[in-house]
Structure formats: structure tokens, C-alpha cells
Amino acid sequence: MPAETTSTPLAGVENRPGVPKPDPIVEGSNITRTFGGLKAVDVDHVEIQRGVITALIGPNGAGKTTLFNLLTGFDVPDSGDWSFNGHSLARVPAYKVARRGMVRTFQLTKVLSKLTVIENMRLGATGQRGEKFWSAPFRALWKAQEDEVTQRADAILARFKLDAKREDFAGSLSGGQRKLLEMARSLMVDPELIMLDEPMAGVNPALKQSLLGHVKSLRDEGRTVLFVEHDMDMVRDISDWVIVMAQGTIVAEGTPAQVMADQAVIDAYLGAHHETDITELDEGEIDREAEQELKGEAEHD
């Protein structure tokens, strides 16, 4: 069942850019980021509703990943302020953002390939006494805590069906399994908000449904999910709300059905001369046309 047919806290919220939400977990205003003469992000206002799945979509170069980087402390904006649970995150480094319960994954997975799967999971836990300089040599001080961390990691690996890979090196996993490991590792922080950057990129069809189920289960646990995605079938399937970016700005917000039929969204993806509903478009053809256009520009240069 598409997520938009379920009852959500966003029922009755207007479908317009920057619309206030009933209970936002993230709020941001006047966020800008430029690279040379290019303004990659120029967001007047954005709010992410607590306890729902929000998709962040837009054409390539729209600024989606840059916005992710700014919100999570992996990049520094030129201006703006944003908060998580009412506390400002401006100038807060990425590791402290994660400790506060706001974690992210990456389009290109960041697993530690020369460590085993269970070692990757252990590293995801915070506040470990064994990582401190003065207590590290004395195993008795942190052995019990490490055992608890390991038990929690094993339970999460079983949930993600990665328990059979427990002792394998993370570098030996397939692309889809690495995505699962990165999502599983993020849960070691017990986060309130999980931000997924193109979770389906490079994932084979056999694992896509598994990943979709895990994303839905995060919402069912009361967590908030914000994800960047180009797969419109996934967006329609699991999203409660969709935010659309184009040329660094937010051009539309709403339920999946509202957004897919929004002329501003169609224009952002295809140009203002098109009048076709985005739900009727062949996304593969769009990608091919874009690749051909980029190839032509490269040859021209």
C-alpha cells in the first residue's frame, strides 16, 4: 500500500515549498552554499516532520546531497541556521551531530572494508569506555560494556539478515549488502533521525525489497527517515511526504501523488515545455537523454 494512503501526522498540511509541519524534528532557514560562482543550495525554509518517511528528490545537480552534507555537519554553509529537536546544529561537527541522534548513510558506502562485519558494527556504538586513552589498556573496565555492544550488534545483524556474514570482511560484501551494513551500523547509535543518500543506488532487485522493508520498519519503530532517491517507484511506495529540489531551491512539497502531478516538478525534471505527468514518464529514457546531453557537451568542450 502506498504510504500516502495511510494516516500520517501530515494529513491536511498544505503542499507548498517550506510549509510548516505539526511536529518538525529538523528546521532550517536561509541555508546557502556556493562553489565558485555556482549557488548549489539556496533554501529559504525547510521542515522535516517527526515520525514519517520524507523523500528528497530532484534532478542531478539539484543540491540534494549538498543539503544533506550541510545538515549533518559534513560541509559548512555560507549562511543559514538549522536545528535538530530544537537545538541549533550550525557549526556542530559531524560526529557530534551523530551523537545527538541524527545519522546518515552515503551514496557511496563508507564501510571499513578491512574490518569484519561485526567489527564495523561495534565501531558504530558511541560512548565506549574501551576507546578512551586511560581505560583502553585495562580490559576489565570495558569488557562487560563491549559484550553488551556485541549482543546488540548481533541482534541488528540478524534483523538485516547479515548474521551469516558476521566474520566476513566488509570489503567482500556485495554493493547491496554494504548498503544493508551501513544502515544496520547506523542503528548502533539508536538514532531518532536516519538520513539515507540514495539507498537503492547499485542495489540488485533481490535486495531492493529487503531494503524497502527495512526503511518502513524504521518508521514503524517511531524513527524519522529522510532519504534522497531517484527511483520514483520507491518514492511512491514508502514516502509519506516528498520535498523537491531544483537548482538548489525547494520548488515543491506534498504527498507523492501531489508532487508527481505538480507542474513545477515536471518543469524541474524536463523543462517548462513539457506537459506530461511525471508518473507517466519513462525514467530510463529521461536518464538516457540526460547522459546523451552531457556526452554532447563534453564532446563540444
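The values are calculated or read from the model by the stated rules, or taken from the named source; none is laboratory data. All values reported here derive from a predicted model rather than from experimental measurement. Neighbour counts run over all protein chains shown; Cβ positions are idealised from the backbone, glycine included.
If you go through segment 114-135 one residue at a time, do you hit one that is over 19 Å from Pro24 (Cβ atoms), assigned to a helix (DSSP H, G or I) and assigned by TED's automatic domain parsing to the domain that holds Val41? Checking segment 114-135: not a single residue is over 19 Å from Pro24 (Cβ atoms), assigned to a helix (DSSP H, G or I) and assigned by TED's automatic domain parsing to the domain that holds Val41. Hey, any hits in segment 253-274 for a residue that's within 22 Å of Thr65 (Cβ to Cβ), modelled with pLDDT of 90 or more and polar (S, T, N, Q)? So far as segment 253-274 goes, no, none of its residues is within 22 Å of Thr65 (Cβ to Cβ), modelled with pLDDT of 90 or more and polar (S, T, N, Q). When we screen Lys64, Lys96 for residues that are touching a residue at least 60 places away in the same chain (Cβ under 8 Å) and of a type in the set (Lys, Arg), the only hit is Lys64. When segment 202-253 is filtered for residues that are among the polar types (S, T, N, Q) and surrounded by fewer than 17 Cβ atoms within 10 Å (Cβ to Cβ), the ones remaining, listed by number, are Asn204, Gln209, Ser210, Ser217, Gln247.
Taking segment 159-186 as the search range and keeping residues that are of a type in the set (A, V, I, L, M, F, W, C) and free of Cβ contacts under 8 Å to residues at least 40 places away in the same chain, which one is nearest to Arg100 (Cα to Cα)?
Leu180
Within segment 100-115, can one find any residue that is at pLDDT 90 or above and closer than 16 Å to Ile250 by Cα? For segment 100-115, residues at pLDDT 90 or above and closer than 16 Å to Ile250 by Cα: absent. Regarding segment 6-19, can at least one residue be identified that is part of a strand (DSSP E or B) and surrounded by 18 or more Cβ atoms within 10 Å (Cβ to Cβ)? No: segment 6-19 contains no residue that is part of a strand (DSSP E or B) and surrounded by 18 or more Cβ atoms within 10 Å (Cβ to Cβ). So which residues in segment 147-158 are over 11 Å from Met121 (Cβ atoms) and either of a type in the set (Asp, Glu) or touching a residue at least 40 places away in the same chain (Cβ under 8 Å) (or both)? Answer for segment 147-158, where residues must be over 11 Å from Met121 (Cβ atoms) and either of a type in the set (Asp, Glu) or touching a residue at least 40 places away in the same chain (Cβ under 8 Å) (or both): Asp147, Glu148. Within segment 27-57, the residues that satisfy the criterion of being under 14 Å from the mean Cα position of the chain (by Cα) and within 13 Å of Met245 (Cβ to Cβ) are Thr54, Ala55, Leu56, Ile57.
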